[in-house]
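The values are calculated or read from the model by the stated rules, or taken from the named source; none is laboratory data. Worth saying up front: this structure is predicted, and the values here are computed from it rather than measured. All Cβ positions, even for glycine, are placed from backbone atoms using ideal geometry, and neighbour counts span all protein chains on display. Surface areas here come from the heavy atoms of the whole protein model, side chains and all, with no ligands, DNA or RNA. Shrake-Rupley method; radii C 1.70, N 1.55, O 1.52, S 1.80 Å.
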Amino acid sequence: LLNGKKEFKFVDHHNCRLGKWYENAGKKRFGNTNAFKAAYAPHKGVHDMVHDNLEFIKKEDWDVFIAFAGYSAHLPGVIASKTIKPVIGVPLNTSPLMGGLDALLSIVQMPPGIPVATTTVGKAGGINAAILCVEILSLKYPELAEKLKEYRKRMKEKIVEKNRILEEKGPEAF
């Protein structure tokens with residue numbers, strides 16, 4: 001879920017929107033499924049639209065929500081307050097202040113009883129949110145757990161290979 005055009009552009013620009021990540025990488029790694037959807041849920045002064053979007057979300061049988069937000073980053077908390085499903089907040093560096101720290105602090109400081117899992121700012125946060133989403137879904141869909149193990153194994157193999165190249169050819173090989 002994204003709360004503004006600026007966030008949509010940012011997420012698309014950095015290729016970290018869940019749907020895009022899933023199309024490019026997740027499908028190859030975690031199988032072909034229609035489990036991932038993207039939605040635009042603006043909130044800037046248009047409270048009726050937010051309410052309508054939240055009603056839409058309640059009707060869908062979604063297992064996990066990922067909400068991308070910049071500036072004061074209200075969207076993840078609003079979603080978390082309206083659902084009992086897990087919500088992952090991804091802070092974006094969209095404001096001219098603090099390199100995304102404003103969004104990070106807004107998402108991570110939820111009151112007791114309304115948790116929002118929070119990732120790092122930007123592209124890495126989007127990728128980690130997608131992987132965390134798959135981890136959560138693997139509790140319901142055991143086949144995803146096996147695919148996550150394979151994914152982690154491939155990550156380790158790449159690191160071992162890079163270390164081998166570094167040792168054999170030196171830093172200039174990177």
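Below is a table of values for the structure above.
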{"read-out": "Among (1) open to solvent by 20 Å² or more (accessible area, probe 1.4 Å); (2) under 15 Å from D63 (Cα atoms), the one test that A130 misses", "value": "(1)"}
{"read-out": "Selection from region 58-70 of residues that are touching a residue at least 40 places away in the same chain (Cβ under 8 Å), outside any strand (DSSP E or B) and farther than 21 Å from E135 by Cα", "value": "G70"}
{"read-out": "The lone exception for M98 - which of (1) over 16 Å from the mean Cα position of the chain (by Cα); (2) hydrophobic (A, V, I, L, M, F, W, C); (3) at negative phi it fails", "value": "(3)"}
{"read-out": "Long-range neighbours under 8 Å by Cβ, at least six apart or interchain, first residue without any contact (Cβ under 8 Å) to a residue 40 or more places away in the chain within region 76-88, second of a type outside the set (A, V, I, L, M, F, W, C) and exposed (fewer than 15 other Cβ atoms within 10 Å of the Cβ)", "value": "A80/P115; K82/K58; T83/K58; K85/D63; V87/P115"}
{"read-out": "Any hit, region 95-118, residues being touching a Lys or Arg at 6+ places or on another chain (Cβ under 7 Å), surrounded by 14 or more Cβ atoms within 10 Å (Cβ to Cβ) and either modelled with pLDDT of 85 or more or polar (S, T, N, Q) (or both)", "value": "no"}
{"read-out": "Meets criteria (basic (K, R), open to solvent by less than 70 Å² (accessible area, probe 1.4 Å) and part of a helix (DSSP H, G or I)) for K147", "value": "yes"}
